[in-house]
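Input: a single structure, listed below in structure tokens.
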Amino acid sequence: MLKACIRLCLLTAALMALPLTAHAEWKPVEKVETYAISGQSGLELYRSIGENGPNVGITRAIAYTNFKLTWGVRDYKPRGKDCVLTAGNPKLIITYTLPSPSEPLPPALQKKWEVFIAGVSAHEKVHGASMIQMVHDIEAATDGLTVTDDPKCSKTRAEVVRRLDAISKTRIQGSRDFDRVEFGQGGNLQKLVFALVNGG
């Protein structure tokens with residue numbers, strides 16, 4: 001189990017170490033919110049997660065990572081017949097929603113829970129790192145963008161929307177692929193759930 005957690009943490013570190021293009025001076029704000037669960041066995045805790053976890057589509061998740069991204073003023077500047085975009089500074093707030101037992105756990109179960117929640121937290125951090133990289137990708141794709149023969153900047157705005165849509169879709173697909181592996185046969189999250197539930 002600890003090996004699974006270590007692998008997740010190493011993957012997180014690798015993602016965070018990706019080369020960052022464009023502006024590197026901003027930093028994301030990362031917050032942790034919890035939802036209460038109850039139980040005095042691993043199975044009871046997991047059932048409570050299923051009853052109280054965050055709604056994601058039509059199902060409930062163990063944990064969830066969400067973000068809010070806003071930008072400073074995007075400066076579309078006509079330059080002769082062309083248009084040049086200078087992207088505003090991003091403000092990225094990432095919120096991790098994790099389960100938290102509402103009452104003390106028996107010592108043996110507490111140890112199992114600590115391994116479980118460490119692995120889940122590391123998994124969500126990978127999603128957070130993906131969101132951070134997405135913002136850097138947006139900066140790289142839009143800051144300084146120049147579209148010729150666009151004095152009213154309408155083509156430039158449309159091109160920005162197209163590029164942002166492509167970047168967003170790539171991040172979403174990557175997130176889904178990551179979850180599919182993690183929850184798949186022999187995946188880290190599957191192992192974490194089995195270790196929590198079995199024998200407790």
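Where a number appears in this text, it was derived from the coordinates with a stated rule and is not lab data. Quantities reported herein were computed from a predicted structural model and do not represent experimental measurements. All Cβ positions, glycine included, derive from the backbone under ideal geometry; neighbour counts span all protein chains shown.
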Task: 24 Å Cα-Cα reach of Lys77 towards lysines, excluding residues that sit fewer than 8 places from it in its own chain - done: Lys91, Lys152, Lys155
TODO: Can you give me the three principal axis dimensions of region 2-197 from its C-alpha atoms, in Å, biggest first?
DONE: 71, 29, 28
Task: Kirkwood Rh and Cα Rg combined as Rg over Rh, evaluated for region 152-200 - done: 1.43
Open item on the list: Per residue of region 71-88, what does 6.51 cos²θ - 1.76 cosθ + 1.60 with θ = phi - 60° give for ³J(HN,Hα)? Whole Hz please, x for Gly and Pro, Karplus curve as stated.
Closed with: 10, x, 4, 8, 9, 8, 10, x, 9, x, 8, 9, 10, 10, 9, 10, 5, x
Open item on the list: Compute, for the chain, the length of the dipole vector about the Cα centre, with Cβ point charges of +1 (Lys, Arg) and -1 (Asp, Glu) only. Units Debye, rounded to 20.
Closed with: 240 debye
- [ ] Please list, in chain and number order, the residues 5+ apart from Leu145 or on another chain whose amide H is under 5 Å from its amide H, with Hs placed from the backbone.
- [x] Leu85
Open item on the list: Taking 0.36 nm per residue of sequence separation and subtracting the Cα-Cα distance, how much length would be gained by fully extending the chain between Phe194 and Thr59, in nm to one decimal?
Closed with: 46.7 nm
- [ ] Return the ratio Rg/(2.2 N^0.38 Å) for region 32-112, where Rg is computed over Cα atoms only.
- [x] 1.87
- [ ] Using a Förster distance of 22 angstrom, determine the FRET efficiency expected from the C-beta separation of Ser41 and Gln185, and round it to 0.05.
- [x] 0.35
Task: Kyte-Doolittle at least -0.5, axis length at least 18 Å by Cα - qualifying DSSP helices, the chain - done: 2-16, 107-142
TODO: Would you list which lysines come within 27 Å of Lys191, measuring only between C-alpha atoms, while excluding same-chain residues fewer than 8 positions from it?
DONE: Lys3, Lys31, Lys111, Lys112, Lys125
- [ ] Can you tell me the FRET efficiency between Ser100 and Val73 if r is taken as the Cβ-Cβ distance and R0 is 41 Å, rounded to the nearest 0.05?
- [x] 0.55
Open item on the list: If you consider only alpha-carbon coordinates, what radius of gyration and Dmax does region 75-173 have, in Å?
Closed with: 21.5, 72
Task: Full-stretch length increase - Val161, Val32 - with 0.36 nm per residue and alpha-carbon distance subtracted - done: 43.4 nm
Open item on the list: Suppose we flag trypsin sites (Lys or Arg not before Pro) only when DSSP calls them loop and at most 15 other Cβ atoms lie within 10 Å. Which is the longest uninterrupted stretch of the chain?
Closed with: 1-73
